[in-house]
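Undergrad: Take this structure, written in structure tokens, and hold onto it; I'll ask about it next.
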Amino acid sequence: MKWLIPFLIACSLCCQAEERQSGNFFLSPDLRQLGFEKGANPIEIWIDIGQVLWRDSSNGKSCESCHGAMSNLKDAVRSLPQISRDGTRLENLEDKILFYLNASREKKLTLDSDEVVALSVAIQQNAKDSVIQMQPLLQSQRVWNEQLKAGTDLFYQRMGRMNLSCSQCHDQNIGKNLRADVISPAYPTGFPVYRMAWQKPGTMDRRLRACYYGVQAKVPDVGDAELRQLELFLKVRAQGMVLDGPSLRR
């Protein structure tokens, strides 16, 4: 298992000899223009909401009172998901946000709750232009490797009634049309994404579930281990790329 990390990182660095393109490159001209038009991009509202929630102390301490400026979390954002403190599972940014929000609430939120998504949007916005740097913490390296191997297997595994793997679309058919969308290489640099079809932003967890649905496979529950394993693989696959989210999608 020790070979896995250096192998994937080496592959990632080799890919940098060719220009790797984020999902924003595959947007239609009108969506690309909307994404850069100040005051017109709908995700700006969610950034504002997230910034307000960051300072909100109505349920006890605010996020700001513990973490200071959102920009202090840049290093964490670009290296998530990571193994939980108890060493049993992978946790991404939204998992951590949910844990801290629910610690002081009687009515519990979920990973898809607007408050969780808005905070994720604002935190990711503050980490924009950071470089993805995925590596395990020393104390969790073995479990991290196991989770990465599971995510790698999932990416190449055929599934669903359509009998398709992630790789068949996002490695073998990049740039081709899939209905009204253009297939991208699936580098996860632009999350959360505001999808016009959703009329709100969504996390990578939600986007991956939509992929399972698209190939007519059994859709994992929100926060399922498979989704975190895939997210870990995709982030390692994008090692060295620049975070350019949150972003727009059709």
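Every number in this text was worked out from the coordinates using simple rules, so none of it is lab data. Here the structure is a predicted model, which is why all the values come from computation and not from measurement. Quick reminder, even Gly has a Cβ in these numbers, built from the backbone with ideal geometry, and neighbours come from all protein chains shown.
Undergrad: Can you compute the modelled spin-label distance between residue 52 and residue 104, with each label point 7 Å from Cα toward Cβ, in nm?
TA: 1.7
Undergrad: How high is the FRET efficiency from residue 28 to residue 167, r the C-beta distance, R0 35 Å, rounded to 0.05? The partial results should precede the final answer.
TA: On the way: r = 25 Å, r/R0 = 0.71.
Using R0 = 35 Å, I get an efficiency of 0.90.
Undergrad: Ok, one more. From the square roots a ≥ b ≥ c of the eigenvalues of the alpha-carbon gyration tensor of the range 22-92, which class results: rounded (a/c under 1.5), prolate (a/b over b/c), or oblate?
TA: Details: a/c = 3.01, a/b = 1.40, b/c = 2.15.
Oblate, because a/c is 1.5 or more while a/b does not exceed b/c.
Undergrad: Once fully extended, how much extra length lies between residue 19 and residue 218, figured as 0.36 nm per residue of separation less the alpha-carbon to alpha-carbon distance?
TA: Computed gain between residue 19 and residue 218 is 68.2 nm.
Undergrad: Separate question: Going by C-beta contacts inside 10 Å, put 78, 179, 249 in order with the fewest on the left.
TA: In increasing order of surrounding Cβ atoms, one gets 179, 78, 249.
Undergrad: I've got another one for you. For the range 166-188 and the range 217-250, what is the centre-to-centre distance using only Cα atoms, to the nearest Å?
TA: 14
Undergrad: What ranking do 159, 241, 134 get, fewest neighbouring Cβ atoms within 10 angstrom at the top?
TA: Working: 159 16, 241 20, 134 24.
The order, fewest Cβ neighbours first, is 159, 241, 134.
Undergrad: Next question, about the same structure. Please report the projected area of the chain's Cα convex hull averaged over all directions, in nm².
TA: Value for the chain: 13.8 nm².
Undergrad: Next question. Quick one: in the range 209-250, what % of C-alpha pairs are over 14 Å apart?
TA: Everything past 14 Å amounts to 63 percent.
Undergrad: Name the residues whose placed amide hydrogens come within less than 5 Å of the amide hydrogen of residue 248, ignoring near sequence neighbours (fewer than 5 apart) on the same chain.
TA: 194
Undergrad: While we're on this one: Order these by the 10 Å Cβ neighbour count, fewest first: 22, 65, 247, 140. Intermediate results must be reported in sequence, preceding the final value.
TA: Working: 22 20, 65 11, 247 24, 140 17.
Fewest-to-most ranking of 22, 65, 247, 140: 65, 140, 22, 247.
Undergrad: While we're here: Among 101, 24, 155, whose Cα lies farthest out toward the positive end of the dipole of the range 4-249, if unit charges sit on the beta carbon of Lys, Arg (+1) and Asp, Glu (-1)?
TA: Going by the Cα projections, it comes out as 155.
Undergrad: Further question: What nm distance separates the two modelled labels at residue 44 and residue 158, each placed 7 Å from Cα along Cα→Cβ?
TA: 4.8
Undergrad: Here's another thing I want to ask about it. Quick one: putting +1 on the C-beta of Lys and Arg, -1 on the C-beta of Asp and Glu, what dipole do you get for the chain around its Cα centre, in Debye to the nearest 20? Don't jump to the answer; show the numbers that get you there.
TA: On the way: 32 positive and 28 negative charges, 88 e Å.
About 420 debye.
Undergrad: Let me ask another. Restrict the search to the range 103-167; then list the GluC sites (Glu not before Pro) that DSSP places in a loop and that have at most 14 other Cβ atoms within 10 Å of their Cβ.
TA: In loop regions of the range 103-167 (DSSP not H, G, I, E or B), the sparsely surrounded GluC sites (Glu not before Pro) are 106.
Undergrad: How high is the relative contact order of the range 84-162, given as a whole-number percent (alpha carbon pairs under 8 Å, six or more residues apart)?
TA: 27
Undergrad: Something else now. If you look for lysine pairs in the chain that are eight or more places apart or on different chains, how many of them have Cα atoms under 25 Å apart?
TA: 29
Undergrad: Tell me what the chain gives for mean residue ellipticity at 222 nm when only DSSP H runs of n ≥ 4 count, each as -39,500 (n - 2.57), the sum divided by the residue total, rounded to 500 deg cm²/dmol.
TA: For the chain, the value works out to -13000 deg cm²/dmol.
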